[in-house]
Amino acid sequence: INKNPAATGNSLDIDVFLLHRQQWVGFGKGRPMSTLMNVHSYFDKAKSGVGLSISHDMAGVGYQTINAKVAYSYQIDLWKKGILSLGVSGGILNKNFDPREHVLKDIGDMNFPDERVNRVNPDFDFGLEFSTPWVMVGGAVNHIGMLNKNIPETLSPKQSYTAYVRGNIKAG
């Protein structure tokens, strides 16, 4: 649900997803690290899914991103085994950069900030997902309308697009 809010509630149970990933373990400060938690469920009477997604990324020395969103999806029964889900999510995206974590070789670089830079942006996503017991097709637009020319590029969320197809083939 962190990439496509239309996937919110695609299970009848309460779905909890936790992920923690570290790269270059043992290298010290600046190694990439990601943590993600998604929680969502489906409510049959409302034909809706509701969820929460929280992520924390450290992608280099002194650079981190925290993203927290609530997600909602509405599911439309197209036929007995075909469902179209429309989803939206909204929350905050916090990016910060601390230059005090860096050791500069060229002190004359005028584009390098002198002090910690922090930016909190509103964050919105929209997605669609079509599913049957055999195939799932989906797509989403993330960070809608968040392009801002007045803040440093490293702190500005970039609008992105996600698309996927997943098949389910019975073996045997």
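The values are calculated or read from the model by the stated rules, or taken from the named source; none is laboratory data. These numbers come from a predicted model, not from an experiment. As a convention, Cβ positions derive from the backbone with ideal geometry for all residues, glycine included, and neighbour counts pool all protein chains shown. SASA here: full protein model, heavy atoms, side chains in, ligands and nucleic acids out. Shrake-Rupley method; radii C 1.70, N 1.55, O 1.52, S 1.80 Å.
Okay, here's what the table says:
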item	result
Calculated log₁₀ intensity ratio I(q)/I(0) where the Debye formula runs over C-alpha points of the chain, q = 0.15, 0.18, 0.20 Å⁻¹	-0.91, -1.15, -1.30
Principal axis box of the stretch 1-99, alpha-carbon based, largest edge first, Å	54, 24, 18
Tyr72, Tyr42, ranked by accessible area, largest first (probe 1.4 Å)	Tyr72, Tyr42
11 Å cut-off, amide nitrogen to a point 7 angstrom out along Val141 Cα→Cβ, residues in the stretch 117-133	125-127
Asp77 accessible area, assembled protein chains, probe 1.4 Å, Å²	90
About the Cα centre, charge dipole magnitude for the chain (Lys/Arg +1, Asp/Glu -1 at Cβ), debye	420
Which of Asp123, Asp98 is most accessible, then next, and so on - probe 1.4 Å	Asp98, Asp123
Solvent-accessible surface ranking, highest first, for Lys3, Lys47 at 1.4 angstrom	Lys3, Lys47
Simple label model, 7 Å out from Cα along Cβ direction - His20 to Gln159, nm	3.6
Partner lysines for Lys95 [C-alpha distance under 19 Å; skip if fewer than 8 residues away on the same chain]	Lys3, Lys29, Lys69, Lys149, Lys158
Surface per residue (accessible, 1.4 Å probe) for the chain, Å²	65
Extended-chain gain in nm, criterion 0.36 nm per residue less alpha-carbon gap, Ala171 and Met37	45.1 nm
